[in-house]
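What follows is a set of notes on a single structure, which appears directly below.
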Amino acid sequence: MTLFGIAAKRLVTCDPARATPVDPLGVVEDGAVVYDERSIRWIGPRVQAAADVRMVDYGDRVVTPGLVDAHTHAAWVGSRHDEYAMRMAGADYRAIASAGGGILSSFRAVSAASEEEIAEALASRLRRMADLGVTTCEVKSGYGLEPDGERKQLRAIGVAKVAAGVPHVVSTFLALHALPESAKSNRDHYVLRVATSLVPEVGRSKLADFVDAYVDQNAFTVDEARIVCEAAKHAGLGVRLHVGQFADVGGAQLCAELGALSADHLENVDEAGIAALSRAGVAAVLLPVASFTLGQAPPPVAALRAGGVSLVVASDANPGTAPTESLPLAMSLAVRMYGLTPAEAILGATRLAAASLGLAGGASGRGVLAPGAHADLVVWDLPHEHAIVQPWGAPKALHVLRDGARIGSR
Ligand code: NIG
Ligand code: FE
C-alpha cells in the first residue's frame, strides 16, 4: 500500500494525548504526518518519517486537522436579501418570521425546488466550504416543514453527501423548526405526527443521524420538543437542540435530561441551565455569526468555560441569521466577540466539534491528527495556527484532504 506524507513547521494535532497546559493544541514542531487512502498511520518528527513515504514538504506552514462544522442549515435554496435589508433598517427577525418571512420564506423556496436542485445547491456549497478547510459538515433539514418537504430535503442531503469533492456529511432531521401555515390551527397534531410518524420513518430509513428542534420563545416548547426527542431516541437517532437563541425557556435542562450531544446557540441560558449541561456533559455549540447578524450579546462563555462545558464553534450557515458558508469566519468572531482564545476556537472547530457529532476517537475519529483517525487535514498558507482566527475574509487553506484525498483549495 502506498503511504503518503505531509511535513510542515507546525503540526497542530489537537490530540489530547499530546496536549499540555502550555500547549493545549499538542503541536509537533518540524513534524510529519503519514497516511494512507483513509487513515493517519504515523505522526512524528519530520526527520524520522520512513523513506518509502511519498512526502510533500510544506516548509514553514501550519497543518491542522480538517475543520468540522457541527451546525449548518446548508441545504437551502433561494435568497433572503430582501429581509436582510429590512432587518438592517431596524425590522425585528421574529416580527418578520411572524409575518410569514424568515424560515417560512426558505420553506417556500425549498418547496418549489426539486430534490436534484437542492442537492446541487448543497453540493456546490459544500465544495466551497471544503476550500475554506472544512472536511466534516453537519447539515440540517428544517425548511421542508411538511412531511414530503422534509423527506425531499433529507434525500437531497443524502445525494449531496456522496457527490465528488465534498466534506464528510452528518445529517440532522430538524423536526421542529417552524409551524407551516397548514398546521397553525392544529399545533398539537403537527407535533404528534412528527413524533409518531416522521421520526420513526427517518430512523428506519437512516435518512438522518440526529434529530433537532428549535426550543425557544415563538418557536417550540420544552414539552413539544421532548415528545419528538423521546421518539428520536427510540428510533436510534441522536439529539442536538437549538436552545436559548432569544429566550431561556429551559432548553438546556431538556438537553441534559435527554442526553443530547449538544445544545446550540445559548445566547440566553441561566446558571441552572449551565449546571445541567455541565453535569450531563452536553457540548455548547456557539454560533457567533448568528448573534453578530442579529446584533445580540454573546452567550455566557466565561460561565460555560468555568462549568467545564465543551465549547464548540460552528457557522450556523443559513440564509436568514447566518448568511455565510465560512467556519473560519465563525472562529474569528468567536475570538473577537465571544472571548475564546485562538486555541479554544481551533479545538472548538476540530476535535470538540467532531465529538459533538459522535465522531470522537477510534476508527471513526475525525478532527484530530492521531494514528487511526481519518486522514482529514488542512495545510494553511499561514505561518502559525493563531493566524487562522484572524478575519481574513479570504480562503487561507492551501491543501485540504478528506480521507486521504484532496477535496479543496488551490
Ligand atoms: O439557527 N433559529 C432557528 N434556526 C436558524 C435560523 C433559520 C433561518 O432563519 O432560516 C438559526 O439561527
Ligand atoms: Fe441553527
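The values are calculated or read from the model by the stated rules, or taken from the named source; none is laboratory data. Bear in mind the structure is a predicted one, so any value in this text is a computation, not a measurement. Cβ atoms come from the backbone with ideal geometry, glycine included; neighbour counts cover every protein chain shown. Remember, those area values only see protein heavy atoms, side chains included, never the ligands or the DNA or RNA. Shrake-Rupley method; radii C 1.70, N 1.55, O 1.52, S 1.80 Å.
From (1) within 12 Å of ligand 1 (Cβ to nearest atom); (2) at positive phi; (3) open to solvent by 10 Å² or more (accessible area, probe 1.4 Å), pick out the condition that doesn't hold for residue 308.
(1)
Out of the residues in segment 179-201 that are of a type in the set (A, V, I, L, M, F, W, C) and over 25 Å from residue 265 (Cα atoms), state the one that is surrounded by the fewest Cβ atoms within 10 Å (Cβ to Cβ).
Among residues in segment 179-201 that are of a type in the set (A, V, I, L, M, F, W, C) and over 25 Å from residue 265 (Cα atoms), the one surrounded by the fewest Cβ atoms within 10 Å (Cβ to Cβ) is 192.
Assuming residue 360 fulfils every condition listed in (1) touching a residue at least 40 places away in the same chain (Cβ under 8 Å); (2) within 20 Å of the chain's Cα centre (by Cα) apart from one, which condition is it?
(1)
Restricting attention to segment 148-158, does a residue exist that is among the acidic types (Asp, Glu) and part of a helix (DSSP H, G or I)?
Taking every residue of segment 148-158 in turn, at least one turns out to be among the acidic types (Asp, Glu) and part of a helix (DSSP H, G or I).
Give 370, 314 a once-over and let me know the one that is open to solvent by less than 20 Å² (accessible area, probe 1.4 Å) and not assigned by TED's automatic domain parsing to the domain that holds residue 16.
314
Show the residue pairs meeting these rules: Cβ distance below 7 Å; 6+ apart or different chains; first residue within segment 229-253 and over 16 Å from residue 276 (Cβ atoms); second residue more than 12 Å from ligand 1 (Cβ to nearest atom) and of a type in the set (Ser, Thr, Tyr).
Listed by first residue and then by second, the contacts come to 231/196.
Report yes if some residue within segment 69-90 is modelled with pLDDT under 95, surrounded by 13 or more Cβ atoms within 10 Å (Cβ to Cβ) and touching an Asp or Glu at 6+ places or on another chain (Cβ under 9 Å); otherwise report no.
Checked against the condition, which is being modelled with pLDDT under 95, surrounded by 13 or more Cβ atoms within 10 Å (Cβ to Cβ) and touching an Asp or Glu at 6+ places or on another chain (Cβ under 9 Å), segment 69-90 yields no hits at all.
Determine whether residue 336 is surrounded by fewer than 24 Cβ atoms within 10 Å (Cβ to Cβ) and assigned by TED's automatic domain parsing to the domain that holds residue 85.
Answer is yes for this residue.
When the residues of segment 128-149 are narrowed to those that are among the aliphatic types (A, V, I, L, M) and within 16 Å of ligand 1 (Cβ to nearest atom), which ends up farthest from residue 316 (Cα to Cα)?
Taking the candidates together, the pick is 145.
Looking at (1) assigned to a helix (DSSP H, G or I); (2) under 13 Å from residue 226 (Cβ atoms); (3) open to solvent by 10 Å² or more (accessible area, probe 1.4 Å), which is the only condition residue 249 fails?
Answer for residue 249: the failing condition is (1).
Based on what the data block shows, is residue 237 within 15 Å of ligand 1 (Cβ to nearest atom) and either open to solvent by less than 30 Å² (accessible area, probe 1.4 Å) or not assigned by TED's automatic domain parsing to the domain that holds residue 96 (or both)?
No: the conditions fail for residue 237.
Are there any pairs with C-beta distances below 7 angstrom linking a residue in segment 258-284 that is within 16 Å of ligand 2 (Cβ to nearest atom) to a residue that is among the basic types (Lys, Arg) and open to solvent by less than 50 Å² (accessible area, probe 1.4 Å), with the two at least 6 apart or on different chains, and if so which?
260/240; 261/240; 262/240; 264/240
The rows are residues; the columns are (1) among the hydrophobic types (A, V, I, L, M, F, W, C); (2) farther than 19 Å from residue 207 by Cβ.
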residue	(1), (2)
113	yes, no
130	yes, yes
136	no, no
151	no, no
159	yes, no
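Residues in segment 304-311: is at least one among the charged types (D, E, K, R) and within 24 Å of residue 223 (Cα to Cα)?
Checked against the condition, which is being among the charged types (D, E, K, R) and within 24 Å of residue 223 (Cα to Cα), segment 304-311 yields no hits at all.
Name the residues in segment 7-57 that are of a type in the set (Val, Ile, Thr) and loosely packed, with under 14 Cβ neighbours inside 10 Å, would you?
The answer is 20, 22, 47, 56.
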